[in-house]
Every structure is written in C-alpha cells, then in structure tokens.
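The values are calculated or read from the model by the stated rules, or taken from the named source; none is laboratory data. Computed from a predicted model, the values in this text were never measured in an experiment. Please note: Cβ atoms are built from the backbone with ideal geometry, for glycine as well, and neighbour counts cover all protein chains shown. Please note that ligands, DNA and RNA were not included when accessible areas were found on the heavy atoms of the full protein model with its side chains. Shrake-Rupley method; radii C 1.70, N 1.55, O 1.52, S 1.80 Å.
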Amino acid sequence: MAEFVLRRSHTVMIDEVDQFQSTALDLCSSELVLDSRRQPTVPLRELDEDKAKLSPEAVKALCPTISHARYLSEFLLASICEDVLHLRHYEGHGPSRERPGVNSTGWHLAGSRDRRLITLLFPDEGITSEQEIPARLFDELNALRPASPAGGGGTDTASAGDPSLAPHLAAVRRLLGDLLAPRGEDLLASVQLELNEVLLDVVKDPHDRSEAIELLIVRMWLAELDDTLALLRNKTGQLRSLGMRSARTLAQRLETGVAAHILPYGMLGKAITGYRVTGLDNPHKNAELTAQSISGDPHTYTAQLGSIVSLALAGVERPVLGLSATAYFPQAVREHVHADVKWWMTDAAPDSIRAKRRMITDSVTQRAIQISGIPQQHKREALIKLGDRLYDTVIHDELARIARTDPDRAHAAVVVNSYEHCRHLALGIHSAGQYTGGLCVAVPADRHWRAKLPPLPPGITELTPDEFEDFPRKGTILVVPMARIARGLNIVIGTKSAITPVYLCTRPLALLTDPAEMYASVNAAGIGSLPFTPTSTPVGDLREARAAAWARMGMIMRAAPGFVSTAHVLQEEIVAGMVVDMIQLAGRARRGGTDMTLHLVDYAFHEDSWQSDLAGILRRMHGRWSPEVRRQMNAIYREALAAFLAYAGIEPDDT
C-alpha cells in the first residue's frame, strides 16, 4: 500500500501522524506457530518435510538451522505439556506455585524473569523489589549462557563481556550446555538433578531452588530459540527463492516490522522475540507454542517516509506532510516524530484549558479514593464508590452551573481505562443520591465483546463509538475509555463542543511489559542518542546509538515492578505519553474555540510518595528540557502546556 501511494501521489498528507507512528509500532511484529498439538502442519514442520525436494546444496545450507529450531520448539512444548517446564509470571515462595495451571498464556521474553532469577542466584546481594539491579549481576547472568558453536555466548546483550565466574556458576554454564546439545538423549531430568546439587548451598529453600533451576533452563532455551529464529530470518530471501509454498510461508511469518525489506531492524540491530503457549486446558490435544517477533524501525520509517522509504519503494522522493496536535513531545516515545516541525498554529486563547486537582474522598473513612495502583480485585468497589462520590460532590453542581449560562455545553465526559471500568463507574454514578438521569456508557462496537461485559441497570444508555456524536441528544454524562475518546469523533452542537468538563478517573499508564511499549522506549532511546546534525563518523554514531538502545533494554529488564519504583527516565516517558493523550482529550472539548476543564480525579495522580505524583514528574521533565526544547514546546502548545505547568506549580515565566 505504501508503495502504491508513493508512486501514485505527488504529495502525501497524513493526519494524526503521531498516531500513524504509534500504529506502526504495533505493526512491527509477526507471529509464527513453532509447534502445535492441535494442527497437523506448522511452517517449520512443513519445510522440514519438504526439504527432500531440494538440491543437496540447499539442504546443507538450511538443514542445521531448521532441524535445531524444530528440536528447540518441539522439546519445549512437550516438556510444558508434561508439566516438567513452565512459562509463568508468578514470583513468590512456597509450594503454592507448584499447583496445576501455573503456565501462563501471556508473552514471555528470554530475559523477562531475569530480575527474579538474579535475586535467587545472588541472595547475598540483598536485592529488593524497590531497587534497580546492578549491571554487574546482569553480566554474570549473561555469562551463564552456553557458548554457541560459532564462538561466544548469546548475541542479545550489551554486557561487559564474560566475567570470571564462581565455580558453582561455571558448573551451571557447563550443565546448560550439556542440555542444549543432547545428541539424541533426553537429559532434562539429569541436568535438573545436577543443577539442584550445584545450587544446594546457594539457594537454600528447595522451592526457590526448583524455581531457579527452571528459570535458568527456560532462559537459556528461549535465548537459543531467539538466535535460531534470527538465523532463519536472515535466510528469508533464500527461503523465498526455493519456490516452495512451505518455504514462502515460513519466510512471510519470519518477516517483521513495517517495511521490513527497507528497515529490517531498529536501533538494537536485531529482533526481540516473545513466546507463549496456549491450549493448556487440554495440553496433549490443544497445546501450541507461538513466537512473536518485534523488529523494524517505525520511528525512522515515519520520519523518513518521504525520503529513504519513498526512494526505496518508488524510486523518487515525495513531499510528505504530517499533521497532528501532538507530534512533537521528545519524551513521548510512541508519539514523538523525529523530524523538524515546519509549521504550527498554537492555541493562544488565554485560560482556555484548565487542569485541576480533584481529590474525591470516601464518605465514611474520609480517605482519598485511588484507582490506579491498587490490587485488581479492589478496583470494582473503588470505581463504584468513586462514581457515587464524584457525581454528588462535583459533577451535579458543575453541570447545573453550566446549564444556567450555556445549556448546549452542559455535558461531561468521564474517562477511564477500559470498557469494564466504564460499567463499574456508571454503577456508582447511577446510585448517587442526586442522580436523576442522563447517563450514557460507551460500549465496544463488536457484539461479541459487548456480551461479555457485566450488566447495567435500566435507564442507562449504551453508545458505540460510532454513536458518540449523538451523545448530546441522549444524555449529559458520557463514561468512556481514554483510548476511544482521546482521538475520537468530535461531539459538537453546531460548531461548538458540547462537552465542557472532562473527569479523568483512572491514571492512563502504559505498561512496559507490553512489547510495543517496550520497543518504543528502546528504539527511541537509540535514535535520541544520535547527533541532531550529520557528523563525519556515521558508523561510530550508529554504534553508540545501538549501545544506547541496548542500555535502555537492560534498564527495562532490570526495572523494579510497579510505576512508583520505575527508573525516573521511564516514568517520564510514561507520563509524556499520558500528557499527549490528555492534550488530545482536551482538544475534543475545544472544538469551536470553546474552553474546557480537565479534572484529574484519581488520587494516583496526586499521591507523592517516592516522587511519583504527576506534578513532581512534570517538574522533573520540565527541568530536563533544554532551552531549545522549552521554546519549542511553549511555541507549539502554549495554553495546553501552560495548564499542565500550572498544575505542577511551574510559573509560566520559567518557560
């Protein structure tokens, strides 16, 4: 499609270009079923069986890699089906983790459990969940990876090399190497027993020791799969040239990233691969192992669409005009487009956007109600309570006041993170003492997903995204997920926005465990380290950019769980993305030059423990901006930026 557009069009215009880049990040992945108990044919198996049709030269070139990929995939799935190995996210102590069903169907990276493994292998270091892991411990863990036949260990780290290993760790490395090349024997049980003996004096608790052994084996196994799939990916051109359907299918599944043949790899210089197992309700019949690879360079793809990408696809350069209200925000790793801003029209109407703190308290305990950061099982009750108190103490009076002066704009948007959250908050508003009607709740367009949502009492109107524009005729309060309203349809009466107040009731945070979020941070870290103007040492610049990307990858993998304990630079990236969404959300209520007020309701915005409150992080972000970035941010965003700076207690003169 990109080639067609660039060949046919003299000029290309992209609306919401930052969303275009964000979508490109989501599309930088592909899936490959590695082994399956459910379906008789999978790409690796098909090609392995078809190789008898190839020339001896082709067999010799492909056979080792394909055979090794099959061995790693099939042995891992069989071990999981037999409950011998597990892919799980559980981190804890005691026999409870040994219950059936501990395998997770989520995505797992080769190093995704490194933090837990390091705390088990190095108990004397005293690593807690509130601190970052020292890089030297990661170097030691990486050194446990058995050397590949070509020499060296894994290729996926930017570690400081192979430190001198303690005797017991050297024994661990040797045993993992034995397991990786069994020469026809199943050595898993014997290696597990030997590892148990080796780690007996280091990991005292037998359950912890069992977990450490499993984590060591799974980490090594997935890392070896990473490298093997990378070898196959490098041979996709060779696979396509074979002319066989199985080879073509495998090549298509291995290709990753937007415009993979133009920008096959990002700043890391290789793909990130995650694995998951499904069908574990009946593993012997339904189990399936799938790999998801993330690669490509969506940031460069977006910024260079009219030059590098256009030249590669169409043979000519094309003017590409990207439009968006939020395409410049350097710390927003998903949205910031790495290209010069050529023209902007700022929102300069004074006091047109206001950001206000709203601390809603429990009527019984008088404690502030927090949603984000509390255990999942408590969120339903908290959201219902918040909806009740928010309506009675704020929304009812504010809508009544607006109705007296500007009745067309007496409508409110109440924003949360999901459709399920919408239902819970709506129940609270519906039960409020002063509530008399006018409540609308967003629902997904797909009837299948709507049927899974909890029921609502009569009198509440459900609206799909396509029906949002009808909201002013059907009610006065719309409860809606952030993802659906931030860049959604304009809700207007005539030419003016029908919405005045917006209540943000849950802190909309990105999860760095999500592959696209993690890749956005890693790739942007590499690009951000490149000099703004070309230098005489491009190879050295790219080498430094790759090191910066790997350093960010290591930071994410070492990061303590939870937003509060996350490294400051990662907190700031997350908040920058959140501010972009809030600026877009404010834009929904600014149509026709109207004013709006954004109420930050969730107490998670204001809780200042560990310097993780929104105001504190905004002050920290502002302090990191260079004078040039400050000038550019102020010139582009003006009133929107001023609203958030005022919320954070930063004087406008400071910009």
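Miscellaneous remarks
- When only the Cβ of Lys, Arg, Asp and Glu is charged (+1, +1, -1, -1), the dipole of the stretch 230-377 relative to its Cα centre reaches about 400 debye.
- Difference of contour (0.36 nm per residue) and Cα-Cα distance, D470 to L321: 50.4 nm
- Gain on full extension, evaluated as 0.36 nm per residue between K496 and F4 minus their Cα-Cα distance, stands at 173.3 nm.
- Rounded FRET efficiency, nearest 0.05, which uses the C-beta distance separating A147 from D406 and R0 of 56 Å: 0.20
- Inter-probe distance in nm under a simple model that places probes 7 Å from Cα toward Cβ, at E628 and H168: 5.3
- Carbon + sulfur, % of accessible area of the stretch 499-578 - ligands and nucleic acids excluded, 1.4 Å: 64
- Net charge of the neighbourhood of H284, taken over other residues with C-beta under 10 Å away and scored Lys/Arg +1, Asp/Glu -1, is +1.
- Helical contribution to [θ] at 222 nm, DSSP H n ≥ 4, -39,500 (n - 2.57), averaged over the chain, rounded to 500: -13000 deg cm²/dmol
- Dipole moment magnitude, nearest 20 debye, the stretch 507-655 about Cα centre, only Lys, Arg, Asp, Glu C-beta charged: 360
- Helices of the chain meeting both criteria, an alpha-carbon length of 18 angstrom or more along the long axis and an average Kyte-Doolittle score not below 0.5, with helices taken as full DSSP H segments, are 56-81, 167-180, 568-588.
- To the nearest 10, the accessible area of C63 is 40 Å² with a 1.4 Å probe.
- Charge-dipole axis of the chain as Lys and Arg at +1 and Asp and Glu at -1 on Cβ define it, positive-most pick from G433, A147, L463: L463
- Measuring with a 1.4 angstrom probe and ignoring ligands and nucleic acids, T23 comes out at about 60 Å² accessible.
- Peptides 309-322, 617-630 ranked from most to least packed by the mean count of surrounding Cβ atoms within 10 Å: 309-322, 617-630.
- Using C-alpha pairs below 8 Å separated by at least 6 residues, the relative contact order for the chain is 17 percent.
- The stretch 381-489 shape via C-alpha gyration tensor axes, a/c threshold 1.5: oblate
- Projecting the Cα atoms of Q376, G494, L313 onto the charge dipole of the chain, computed from C-beta unit charges around the Cα centre, puts G494 farthest toward the positive end.
- Here the extension length gained between T278 and H207 equals 23.0 nm, from 0.36 nm per residue of separation less the Cα-Cα distance.
- Charged neighbours of E420, selected by a Cβ distance under 14 Å, balance to +4 (K, R count +1; D, E count -1).
- Using only side-chain charges placed at the Cβ, +1 for Lys and Arg and -1 for Asp and Glu, the dipole size of the chain relative to its Cα centre rounds to 1300 debye.
- Virtual paramagnetic centre 7 Å along Cα→Cβ of L311, amide N under 15 Å, in the stretch 253-297: 262-263
- Whole-number accessible area per residue in Å² for the stretch 358-459, which is evaluated in the context of all protein chains at 1.4 Å: 51
- Extreme residue, positive dipole direction of the chain, given options A349, V415, P206 (C-beta unit charges): A349
- Paramagnetic label reach from I374 (point 7 Å along Cα→Cβ; backbone nitrogen cut-off under 15 Å): within the stretch 420-443, residues 421-422, 424-429.
- Cα convex hull of the stretch 244-321 - mean projected area over all directions, nm²: 7.9
- The stretch 316-414: trypsin sites (Lys or Arg not before Pro) in DSSP loop, at most 10 other beta carbons within 10 Å: K342, R367
- Inter-site label distance for L453 and D362 at 7 Å from Cα along Cβ, in nm: 2.8
- Summing charges over all other residues whose Cβ lies under 12 Å from the Cβ of V569, with Lys and Arg as +1 and Asp and Glu as -1, gives 0.
- Rounded to the nearest 10 Å², the accessible area of V198 at probe 1.4 Å: 40
- Within the accessible surface of the stretch 390-432, defined with a 1.4 Å probe on protein heavy atoms only, the carbon and sulfur portion equals 48 percent.
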